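J.: The following block contains the structure, expressed as structure tokens.
Any read-out appearing in this document is the output of simple, stated calculations on the displayed coordinates, not a laboratory observation. Nothing here was measured: the structure is a model prediction, and the numbers come from that model. Cβ atoms come from the backbone with ideal geometry, glycine included; neighbour counts cover every protein chain shown.
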Amino acid sequence: MKCMNLTGFDLNLLIVFDAIFRENNLTLAGRRLGLTQSAMSHALTRLRTLFHDPLFVRQGHRMFPTPLAEELHLNVHKIIELAEKTFEDHGSFDPGHSMRTFNIAMQDYPMMVLLPRLLREIRTCAPHINIRIFHLNMESRKIALDDGDIELVIGVRQEFGSNIHQQHLFRDRDVCILREDHPSIFDELSFEQYMEAEFIGLAVSEFGMEAIDKQLAEIGFRRKIRVTVEQEVAIPHLVGTTDLLANVAELVAREYIDRFPIKILPIPVTTHQFDIMQYWHARNHLDPGHNWLRKCLKGVCERLCE
């Protein structure tokens, strides 16, 4: 398609396009925007002419997007989000009325521990705010922050560079979880029992090799890892239904001890605490909405550790 001269283009047509795409119905899209059926039909005709494509095909009472419409919507949605952010947060931010969407990168661990509490907080004071979670590895996070694809990273300490701000959220440590009625391990876990036990390992870890395994390797020992999973959320269920042990963050263990038949015991090796941080790009540092979100997260974390 040749380049379009935007001078005579009505950008409101993009809002009409987005509403039809979301509702799959011309009448419902019109109600969403406060426009009549006639106005919606006229706008759709203009869109079809501009893009030389039907864009939406009627089947019964629904309108389904064509392949071109599917492709266009990715960019149209970003344009609308950017416009909303530009105007609604200029100089001030009202969480009670804002409809902003925040894009956050976090792994399973903070998702299990922080996300439910954050959503409860937001539902109370900012009922129209939306959160999108992205599961990115450590290498991809800086690129996503620099490109503006995400606005916040929540995770362990890592180096980002001078254009990335950071704030400490909370500190945690690893503990051992096992079945509540484990046949051979009761209220204490000795080093010998720990080394004889079989474990569930985590394949996708922010730390690469788990810190405990590095310590054990230095003194000539190695855990017996019988199954390795990529989903950290699966570990408490597997522990509760097998004789396998697992090392998990203490806050994760506390989160699931009332939901699964598991118990928590200290790891019989000196374990180091680790810090969870939030990171954001300098371009967002003074943004009122972004500042509100960061304070909200910090408050949630302070109450989490009380």
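J.: State the antiparallel share, in %, of DSSP beta bridges confined to segment 174-272, rounding to the nearest 5.
T.: 55
J.: Pulled fully out, how much extra length does the chain show between Glu139 and Glu218, if you take 0.36 nm times their separation in residues and subtract their Cα-Cα distance?
T.: 25.7 nm
J.: Pop the C-beta distance of His97 and Ile225 into the FRET formula with R0 = 41 Å and round what comes out to the nearest 0.05.
T.: The pair His97/Ile225 has a calculated efficiency of 0.20.
J.: What length, rounded to one decimal in nm, is gained on full extension from Asp10 through to Leu82, with 0.36 nm per residue of separation minus their alpha-carbon distance?
T.: So the extension gain works out to 24.2 nm.
J.: Rounded to the nearest 20 debye, what is the charge dipole size of segment 7-88 about its Cα centre when +1 sits on each Lys and Arg Cβ and -1 on each Asp and Glu Cβ?
T.: Dipole about the Cα centre, nearest 20: 280 debye.
J.: Count neighbours as other Cβ atoms within 10 Å of each site's Cβ, and list the GluC sites (Glu not before Pro) in segment 157-193 that are DSSP loop with at most 16 such neighbours.
T.: Here the GluC sites (Glu not before Pro) that fit, given the DSSP loop and packing criteria, are Glu159, Glu180, Glu188.
J.: Now a separate question. Express the Stokes-Einstein translational diffusion coefficient of segment 7-88 in µm² s⁻¹, to the nearest whole number, given a Kirkwood radius over alpha-carbon pairs, 4 °C and a viscosity of 1.567 mPa s.
T.: Diffusion coefficient, whole number: 100 µm²/s.
J.: Also, quick follow-up: Using alpha carbons only, what's the Rg to Rh ratio of the chain with Rh from Kirkwood?
T.: 1.09
J.: For the charge dipole of the chain, defined by +1 on Lys and Arg C-beta atoms and -1 on Asp and Glu C-beta atoms about the Cα centroid, which residue among Ile122, His73, Asn163 has the Cα displaced farthest towards the positive pole?
T.: Result: His73, furthest along the dipole toward the positive end.
J.: Name the long-range amide H neighbours of Phe199: under 5 Å, sequence gap of 5 or more, or other chain; modelled H, no Pro or chain starts.
T.: Those lying under 5 Å, H to H, from Phe199 are Lys224, Ile225, Arg226, Val227, Leu245.
J.: While we're looking at this one, here's another question. For segment 174-272, list log₁₀ I(q)/I(0) at each q in 0.18, 0.19 Å⁻¹, using the Debye formula over Cα point scatterers of equal strength and ignoring solvent, two decimals each.
T.: -0.79, -0.90
J.: Trypsin sites (Lys or Arg not before Pro) within segment 1-83: which are DSSP loop residues with at most 14 other Cβ atoms inside 10 Å?
T.: Sites meeting the loop and neighbour criteria: Lys2.
J.: According to a simple spin-label model (label point 7 Å from Cα along Cα-to-Cβ), what is the distance in nm between Arg31 and Asp258?
T.: Inter-label distance under the simple model: 4.0 nm.
J.: May I pose another question? Can you give me the span-like helices of the chain, meaning DSSP H runs with 18 Å or more of Cα extent along the axis and Kyte-Doolittle mean at or above 0.0?
T.: For the chain, where a helix must reach 18 Å along its axis and average at least 0.0, the hits are 37-51.
J.: Counting only residues 5 or more places away or on other chains, whose amide H sits under 5 Å from the amide H of Asn130 once H atoms are built in the peptide plane?
T.: Arg100, Thr101, Phe102
J.: Continuing with this model, one more query. Can you tell me the dipole magnitude for segment 174-272 around its Cα centre, using point charges on the Cβ only (Lys, Arg +1; Asp, Glu -1), in Debye to the nearest 20?
T.: Using Cβ point charges on Lys, Arg, Asp and Glu, segment 174-272 gives about 180 debye.
J.: Still on this model: At 7 Å along Cα-to-Cβ for each site, give me the label-to-label distance between Asn163 and His272 in nm.
T.: Output for this residue pair reads 3.0 nm.
J.: Quick check on the chain: helices-only [θ] at 222 nm, where DSSP H runs of length 4 and up contribute -39,500 (n - 2.57) each and the sum goes over total residues. Nearest 500, please.
T.: Computed mean residue ellipticity for the chain: -12500 deg cm²/dmol.
J.: Let me ask another. Return the subset of Lys214/Lys295; Lys263/Lys295; Lys214/Lys263; Lys78/Lys142; Lys142/Lys298; Lys142/Lys224 for which the Cα-Cα distance in this structure is over 27 Å, preserving the input order.
T.: Lys214/Lys295; Lys263/Lys295; Lys142/Lys224
J.: Given a cut-off of under 8 Å on Cα pairs at least six residues apart, what relative contact order in percent is computed for the chain?
T.: Averaging sequence separation for qualifying contacts and normalising by length gives 21 percent for the chain.
J.: Could I ask something else about it? Might you report the magnitude of the Cβ-based charge dipole of the chain about its Cα centre, with Lys and Arg at +1 and Asp and Glu at -1, to the nearest 20 debye?
T.: So the dipole magnitude of the chain works out to roughly 1220 debye.
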